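*Asks:* Here's a structure for you.
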Amino acid sequence: MEENRKLDKIIEARMKLKERFEKTIKSTPSLADDQPLGSGPANRHGMPKLPEGQFETQKWPVLDLGYKPDVSLERWRLRLDGEVENPVVLTWADFLALPQTTDVSDFHCVTTWSRMDVPWVGVRLLDLAALVQPNATATHIMCYGYDTYTTNVSLEEALKPDVLLVHTADGQPLPRDHGGPVRMITPQLYAWKGAKWIKRIEFLPQNKLGFWEERGYSDTAYPWRNDRYS
Ligand SMILES: Nc1nc2c(c(=O)[nH]1)N[C@H]1C(S)=C(S)[C@@H](COP(=O)(O)O)O[C@H]1N2
Ligand SMILES: [Mo]
């Protein structure tokens, strides 16, 4: 069946990508730091649940550039391009037809609040990358929001299984305030690395700074290193 072959191809491409980045992923700070900064029991990656300088909140504050784009599902598109074999533009139906991942993870904002154990549903960045097949020359991604926001992420961080493009949070469609219809989440990095209202992911042959990274935020953004500003 056509659908099965498509899925097999995604899985095969995903395994290849995983292999290519396995070593660098394993040595990234959020997995390999032997002296991570923070407190509380270990999270599922062995890091203290509450990173240094953070406090837990039950609320979910809203932070953005002040402009919240209103993107209908009919108009919504996600472009994946740049250093890839197979650039695509996905419609909402295309996006929902990709393998869906359910996960629970923590959300650490650089302004010091952490929202714990958020249930999410969405598509792994890894599965999107498997679909477009990054060239061997690709090292980073630049994510673009419908509001003109940009943020860059290295591929060894972006391809971790926790990194999702989510359309559902707390069992509800992702609210527009928080980046709905779809935003990215990066549980192992400060939350500004996850673009709300995401519309494009460009694979890059070298690093390039995004909106906040250009304005003095850390390029790497590791919560357990208190790595906030550069
Ligand atoms: N498109 C877009 N994404 C964005 C931002 C933004 O201004 N525009 N702000 C970032 C910052 S600084 C933070 S802390 C988080 C906040 O997400 P929240 O409003 O859902 O809490 O989104 C990040 N993603
Ligand atoms: Mo932020």
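*Asks:* Here is a check on your reading of the model: is Asp127 in contact with a helix residue (DSSP H, G or I) (Cβ under 9 Å, 6 or more places away or on another chain), acidic (Asp, Glu) and not in a strand (DSSP E or B)? Working first, answer last.
*Replies:* Numbers: in contact with a helix residue (DSSP H, G or I) (Cβ under 9 Å, 6 or more places away or on another chain): yes; acidic (Asp, Glu): yes; not in a strand (DSSP E or B): yes.
So Asp127 passes the test.
*Asks:* In the list His140, His167, which residue meets the criterion of being farther than 24 Å from Trp60 by Cα and not β-branched (Val, Ile, Thr)? Spell out the reasoning first.
*Replies:* Values: His167 fails: farther than 24 Å from Trp60 by Cα.
Every option except His140 fails the conditions.
*Asks:* For segment 112-124, indicate whether the set of residues that are surrounded by 19 or more Cβ atoms within 10 Å (Cβ to Cβ), of a type outside the set (A, V, I, L, M) and either out of contact with any strand residue (DSSP E or B) (no Cβ under 8 Å at 6 or more places or on another chain) or modelled with pLDDT under 95 (or both) is non-empty.
*Replies:* No, that holds for no residue.
*Asks:* Determine the pairs where a residue that is of a type in the set (Val, Ile, Thr), located within segment 54-71, has a partner that is exposed (fewer than 15 other Cβ atoms within 10 Å of the Cβ) with Cβ atoms under 6 Å apart, the partner being 6 or more residues away or on another chain.
*Replies:* Val62/Asp177
*Asks:* Moving on. Just for segment 61-113: of the residues that are under 22 Å from Arg44 (Cα atoms) and in a loop (DSSP other than H, G, I, E, B), which one is farthest from ligand 2 (Cβ to nearest atom)? Steps first, answer last, please.
*Replies:* The initial filter retains those residues of segment 61-113 that are under 22 Å from Arg44 (Cα atoms), namely 100-110, 112-113.
Subsequent filtering for residues that are in a loop (DSSP other than H, G, I, E, B) retains 100, 109-110, 112.
Details: Gln100: 27, Cys109: 5, Val110: 5, Thr112: 10 Å.
Out of the qualifying residues, it is Gln100.
*Asks:* Something else now. Being of a type in the set (Val, Ile, Thr), touching a helix residue (DSSP H, G or I) at 6+ places or on another chain (Cβ under 9 Å), under 30 Å from Arg14 (Cα atoms) and within 13 Å of ligand 1 (Cβ to nearest atom) narrows it down to one residue among Val88, Val71, Val110; which is it? Spell out how you get there, then give the answer.
*Replies:* Details: Val88 fails: within 13 Å of ligand 1 (Cβ to nearest atom); Val110 fails: under 30 Å from Arg14 (Cα atoms).
That would be Val71, the only listed residue that is of a type in the set (Val, Ile, Thr), touching a helix residue (DSSP H, G or I) at 6+ places or on another chain (Cβ under 9 Å), under 30 Å from Arg14 (Cα atoms) and within 13 Å of ligand 1 (Cβ to nearest atom).
*Asks:* Among the residues of segment 40-54, are any part of a loop (DSSP other than H, G, I, E, B) and out of contact with any strand residue (DSSP E or B) (no Cβ under 9 Å at 6 or more places or on another chain)?
*Replies:* The answer is yes, given that some residue of segment 40-54 is part of a loop (DSSP other than H, G, I, E, B) and out of contact with any strand residue (DSSP E or B) (no Cβ under 9 Å at 6 or more places or on another chain).
*Asks:* Out of curiosity, is Ser230 away from ligand 1 (no atom under 11 Å from the Cβ), of a type outside the set (D, E, K, R) and modelled with pLDDT under 95?
*Replies:* On the way: away from ligand 1 (no atom under 11 Å from the Cβ): yes; of a type outside the set (D, E, K, R): yes; modelled with pLDDT under 95: yes.
Against the criterion (away from ligand 1 (no atom under 11 Å from the Cβ), of a type outside the set (D, E, K, R) and modelled with pLDDT under 95), Ser230 qualifies.
Yes/no per residue for (1) more than 14 Å from ligand 1 (Cβ to nearest atom); (2) touching a residue at least 60 places away in the same chain (Cβ under 8 Å); (3) under 11 Å from the mean Cα position of the chain (by Cα):
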| position | (1), (2), (3) |
| --- | --- |
| Tyr146 | no, yes, no |
| Thr150 | no, yes, no |
| Glu156 | yes, yes, no |
| Ala169 | no, no, no |
| Ile185 | no, yes, yes |
| Gln206 | yes, yes, no |
| Asp219 | yes, yes, no |
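*Asks:* Assess whether Thr137 counts as being of a type in the set (S, T, N, Q) and within 15 Å of ligand 1 (Cβ to nearest atom). Lay out the reasoning, then the answer.
*Replies:* Details: of a type in the set (S, T, N, Q): yes; within 15 Å of ligand 1 (Cβ to nearest atom): no.
No, not satisfied.
The values are calculated or read from the model by the stated rules, or taken from the named source; none is laboratory data. Keep in mind that what you see is a predicted model, and the values were worked out from it rather than measured. Every residue, glycine as well, gets a Cβ built from its backbone with ideal geometry; the counts of neighbours run over all protein chains shown.
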